[in-house]
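Worksheet: the structure to be examined is printed underneath.
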Amino acid sequence: MKLRNYALAASLAAIGLSFTLTAPVHAQAKGKQAQAQVAEQFFPVLVYRTGPFAPNGTPWANGFVDYLKLVNATGGINGVKATFEECETGYATDRSVECYERLKNKGGGATAFQSLSTGATFALTEKAPVDKIPLITAGYGRSESANGAVFTWNFPLLGTYWVGADVLIQHIAKKEGGFDKLKGKKITLVYHDSPYGKEPIPLLQERAKMHGFDLSLLPVASPGVEQKSTWLQIRQNKPDYVLLWGWGVMNSTALKEAQATGYPREKMYGIWWAGAEPDVKDVGEAAKGYNALALQHGAEPNAKVTKDVLALVHGKGQGTGPKDEVGSVLYMRGLISAMLGIEGVKRAQERYGKGKTMTGEQARWGLENLDLDQKKLDALGFAGVMRPIQTSCLDHMGSSWVRVHTWSGSKWEFSSDWYQADEKVIRPMVMLASARYAEEKKITPRTPEQCKQ
Amino acid sequence: MIYRENGQFKTSYAADQQIFPILQDRWAILGILAFAFVAVPLFADEYLFRAILIPFLILSLAALGVNLLVGYCGQITLGAGAFMAVGAYAAFNFIVRVDGMPLVGALLLGGFTAAAVGVVFGVPSLRVRGLYLAVATLAAQFFWDWAFLRIKWFTNDSSSGSVSVSNLSLFGFPIESPTEKYLFCLAVLVVFALLAKNLTRGAIGRQWMAIRDMDVAAEVIGIRPMYAKLSAFAVSSFFLGVAGGLWGFVHLGSWEPAAFSLDRSFQLLFMVIIGGLGSIMGSFFGAAFIVILPIFLNQLLPWLGGLVGVTISTAGVSHAEIMIFGALIVFFLIVEPHGIARLWSTAKEKLRLWPFPH
């Protein structure tokens with residue numbers, strides 16, 4: 001009996017302890033919600049701050065939330081306060097769906113969902129049209145959803161994986177001295193074995209057919225810490241280039257394995273999700289020369305918006321994460337993702353009334369008619385970070401400018417000019433895949449007249 | 001006082017053999033069913049349906065399947081997720097490749113495919129037992145994970161390995177809204193639970209239990225181990241296959257093999273262990289514990305924090321959720337190793353004596 005009491009007391013103490021340990025820091029977010037009367041725009045934030053992908057998911061989430069705080073600190077969206085709530089998904093599809101259901105009706109209705117997971121995007125693509133909430137998948141998601149006539153509610157803004165793969169092949173061709181030099185070259189794709197990693201395969205196969213290079217596909221099981229056999233095959237095949245489609249621990253593991261097998265890092269090219277600080281930091285000097293795509297932006301410690309966040313959010317003790325992370329690659333990606341959502345709302349307000357709360361449907365119109373020219377971007381503090389982006393009914397991507405950056409051993413530095421994906425290659429593939437989806441789902445693509453509404 | 005069967009005389013074999021011989025139990029079950037079919041759709045909101053009730057119903061069905069095999073026949077399996085995947089992908093292929101295939105037809109055919117696969121992967125059970133069998137069934141998990149990721153035919157040549165279905169309907173009625181989906185899952189679950197209960201009360205269930213308790217003795221009294229074990233695998237996989245189909249079609253709508261990973265197999269095994277091995281009721285308790293509790297904790301903690309005026313960070317909530325959940329599993333296993341179902345039957349025993357215990 002005594003033992004039982006002790007055990008009970010101990011477990012209670014443990015629970016209490018876990019509370020006190022987890023309690024601190026973020027005491028500010030909710031307290032402000034009490035001020036009523038102000039119009040509010042609710043942004044659900046699906047994040048993963050735990051689990052194997054947390055090192056990459058956390059900076060993204062911090063950037064996202066910090067931007068919303070920055071918007072509020074500078075007067076809101078034309079006076080409308082941006083509210084938000086986080087929900088932890090752990091990069092699992094079923095928890096993402098649960099979070100989606102939990103948040104979609106909160107705070108007067110969700111404006112737009114950004115799941116930061118291609119698997120979750122696939123599941124939510126089926127749900128969003130029913131609930132009339134747009135899905136913003138900036139730099140991820142399903143590639144064919146760039147066709148907004150079929151995928152009315154999906155917005156793969158800035159770029160899809162087909163864009164990424166296309167640009168990588170262009171960059172390699174440039175290095176080799178022309179597309180005709182690619183013939184007979186061996187290119188290996190090392191990819192995360194999930195919808196995310198498989199997205200680029202159709203485009204690479206298409207390009208392989210066009211230029212006659214030899215494509216081999218090496219899947220890595222999630223989360224990607226076990227890659228010995230993969231790199232053994234690379235050592236045997238000696239490919240000319242390795243494309244890395246990894247996320248989280250998979251990237252740093254791949255770089256360590258490349259070092260162990262002696263594969264030159266200069267010949268490794270990562271997607272924009274495999275090109276951030278957490279991927280290379282642990283490897284440090286050994287990752288020197290490794291290249292990755294930059295989804296327009298890279299690490300931007302000197303951008304105006306970064307300084308604004310430091311001054312107006314972190315400077316007031318309201319920063320979400322550590323201060324030194326502000327301006328890092330994934331932090332900027334989250335920040336830009338939030339900005340795109342906010343700008344969509346702003347654009348919608350121009351049509352439906354300034355200073356009002358936008359519904360998901362109205363925000364969708366805003367996102368579809370997004371027109372951020374250089375002047376607007378400069379005013380927002382994104383000068384040098386981003387290029388203009390303009391969406392339309394048929395083009396939900398808005399822009400496909402990509403650069404390559406290279407790890408110098410201590411920081412990411414741009415190492416190429418701007419590239420743009422080849423529309424002649426991608427557009428037919430998008431149309432074909434989206435038409436197939438429309439047929440499967442019995443969706444009638446919107447006509448240009450319906451688009452104008 | 002209330003829960004006593006005094007005065008309820010049984011005058012026929014049928015009355016003696018019914019599922020719930022006690023009148024109060026029959027009323028309670030009828031009440032629960034009426035509540036689930038009528039009251040819940042009236043009052044539950046969309047979040048409750050889509051995020052909690054539908055997953056709970058489907059995973060209860062899967063847990064039932066695992067319980068038939070692990071709890072009743074004593075064959076430990078770690079391939080449950082694979083059989084769910086087989087059911088889901090088979091149903092998907094039937095619906096995509098056969099014109100005019102009705103939803104129920106596809107789900108049942110998916111279940112039968114899973115049953116056939118289950119029999120094949122159940123063959124090692126004739127030679128190996130216990131933990132060794134668990135390892136052998138892992139083969140099913142890895143094989144089917146691999147197959148659905150690599151063999152494009154199974155996913156109808158989808159570029160990313162993710163498949164999706166929509167526009168579900170049943171005899172012309174659409175299954176689109178959360179309420180419709182909930183009622184559909186509930187109806188399937190009720191039918192299957194009745195089936196499972198009757199199977200376990202009949203000759204075949206007794207054979208399974210005999211094999212579970214001592215297979216040599218069972219063989220001596222004339223039970224064919226091959227027939228008993230493989231039938232358990234078949235029935236269990238059938239349940240799992242149908243559950244997998246529902247999970248993909250009704251709950252997710254679009255899924256990839258990761259939805260049926262090894263984690264799912266473990267989750268199902270934990271459900272039956274925590275809920276109660278060899279108990280139909282236990283499958284429901286286990287599913288409720290594993291599905292609902294983490295989500296409940298995840299929402300309770302910020303609310304509790306709000307009460308005392310602190311905001312807990314998202315990561316903090318997530319960590320605390322895992323810690324408390326783990327602690328509760330240990331707690332239940334120590335307090336009642338036979339699962340929550342045993343706690344339930346102890347409670348019923350106590351209720352019979354209430355309010356005058358000896």
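Please treat every number below as a calculation from the coordinates, not as lab data. Computed from a prediction, not measured in an experiment: that's the story for all the values here. Don't worry about glycine lacking a Cβ; one is built from the backbone with ideal geometry, like all the others, and counts go over all protein chains shown.
Show me the trypsin sites (Lys or Arg not before Pro) within region A:305-361 that DSSP assigns to loop and that have at most 11 other Cβ atoms within 10 Å of their Cβ. Passing both the DSSP loop test and the Cβ count: A:LYS316. Annotation for B:PHE142 and A:SER216: the two label points, set 7 Å from Cα along the Cα-Cβ direction, are 2.2 nm apart. So, counting K/R as plus one and D/E as minus one, what does the shell of residues with Cβ under 12 Å around B:ILE204 add up to? Summing Lys and Arg as +1 and Asp and Glu as -1 gives +4.
Per-residue mean of foreign Cβ neighbours for A:191-201 is 4 (Cβ atoms of other chains, 10 Å radius). If the limit is 21 Å between Cα atoms, which of A:LYS238/A:LYS411; A:LYS346/A:LYS452; A:LYS256/A:LYS323; A:LYS69/A:LYS304; A:LYS198/A:LYS411; A:LYS183/A:LYS209 go over it? From the list (A:LYS238/A:LYS411; A:LYS346/A:LYS452; A:LYS256/A:LYS323; A:LYS69/A:LYS304; A:LYS198/A:LYS411; A:LYS183/A:LYS209), the Cα-Cα distance tops 21 Å for A:LYS238/A:LYS411; A:LYS256/A:LYS323; A:LYS198/A:LYS411. For region B:269-308, the residues whose amide N sits under 20 Å from a probe point set 7 Å from the Cα of B:THR346 along the beta carbon direction are B:271-290. Cross-link reach is defined here as a Cα-Cα straight distance under 16 Å, omitting same-chain residues fewer than 8 places apart; for A:LYS354 the aspartates and glutamates meeting it are A:GLU40, A:GLU343.
Across region B:23-353, C-alpha contacts under 8 Å between residues 6 or more apart give a mean separation that, scaled by the residue count, equals a relative contact order of 30 percent. Could you tell me how far the Cα centroid of region A:104-140 sits from the Cα centroid of region B:14-45, in Å? A separation of 38 Å, based on Cα centres.
Remark on chain A: Rg and Dmax equal 22.4, 82 Å (Cα only).
I want the local charge near A:PRO223. Using Cβ-Cβ distances under 13 Å, sum +1 for each Lys or Arg and -1 for each Asp or Glu among the other residues. Around A:PRO223, the surrounding residues sum to -3. With helices as the sole contributors, the protein assembly as shown gives -17000 deg cm²/dmol at 222 nm; each DSSP H run of n ≥ 4 counts as -39500 (n - 2.57), and the sum is divided by every residue. Of the two radii for region A:301-453, the radius of gyration is 1.02 times the Kirkwood radius, both from the alpha carbons; that is the Rg over Rh value.
Ratio of Rg to Rh for region B:41-116: 1.07 [Cα atoms; Kirkwood radius as inverse mean 1/r over pairs].
Note on region B:23-353: Cα-only Rg and Dmax are 20.3, 67 Å.
Of all the options B:SER261, B:SER177, B:SER236, the one that moves most in a Gaussian network model of chain B with Cα springs shorter than 10 angstrom is B:SER177.
Shown for chain A are the DSSP H helices of 20 Å or more along their axis, judged by Cα atoms, with a mean Kyte-Doolittle hydropathy of at least -0.5: A:2-22, A:54-73, A:161-176, A:329-352, A:423-441. Of the DSSP H helices in chain B, those that are both long (alpha-carbon extent of 30 Å or more along the helix axis) and hydrophobic (Kyte-Doolittle mean at least -0.5) are B:130-150, B:178-201, B:225-246, B:280-307, B:314-335. For A:GLU266, neighbours were defined as the other residues whose beta-carbon sits under 13 Å from its Cβ, and their charges (Lys and Arg +1, Asp and Glu -1) total +3. The amide H of A:THR50, built 1.01 Å from its N in the peptide plane, has A:GLY90 as neighbours under 5 Å, considering only residues 5 or more places off or on other chains.
Sort all Cα-Cα distances of the protein assembly as shown into consecutive 20 angstrom bins from zero, then give the percent of pairs in each bin up to the one containing the longest distance. Taking every Cα pair in the protein assembly as shown, the percentages come to 15, 45, 32, 8, 0. Using a Gaussian network model of chain B whose springs link C-alpha atoms within less than 10 Å, name the residue from B:PHE296, B:PHE121, B:PHE154 with the highest mean-square fluctuation. Of the options given, B:PHE296 has the highest mean-square fluctuation. Across region B:23-353, how many lysine pairs, 8 or more apart or on two chains, come within less than 26 Å at their alpha-carbon atoms? Counting lysine pairs in region B:23-353 gives 4. Ordering A:ALA294, A:VAL97, A:VAL249 by Cα displacement along the dipole of chain A toward the positive end leaves A:VAL97 in first place; charges were set at the Cβ atoms of Lys, Arg (+1) and Asp, Glu (-1).
For chain A, a simple Cβ point-charge model (Lys and Arg +1, Asp and Glu -1, everything else neutral) yields a dipole of about 380 debye relative to the Cα centre. Take the Kirkwood radius over Cα pairs of region A:55-204, plug it into Stokes-Einstein at 4 °C and 1.567 mPa s, and you get 74 µm²/s for translational diffusion.
Here's the picture: charge each Lys and Arg Cβ at +1 and each Asp and Glu Cβ at -1 in the protein assembly as shown, and of A:LEU312, A:GLY184, B:ALA147 the one pushed furthest to the positive end of that dipole is B:ALA147. Its Cα centre serving as origin, the protein assembly as shown has a Cβ charge dipole (Lys and Arg +1, Asp and Glu -1) of approximately 580 debye. Summarising the label geometry, the points placed 7 Å from Cα in the beta-carbon direction at A:ALA260 and A:LYS323 lie 3.9 nm from one another. For region A:174-248, a simple Cβ point-charge model (Lys and Arg +1, Asp and Glu -1, everything else neutral) yields a dipole of about 320 debye relative to the Cα centre. So what's the gap between the Cα centers of region B:280-326 and region A:419-453, to the nearest angstrom? Measuring centre to centre over Cα atoms gives 42 Å.
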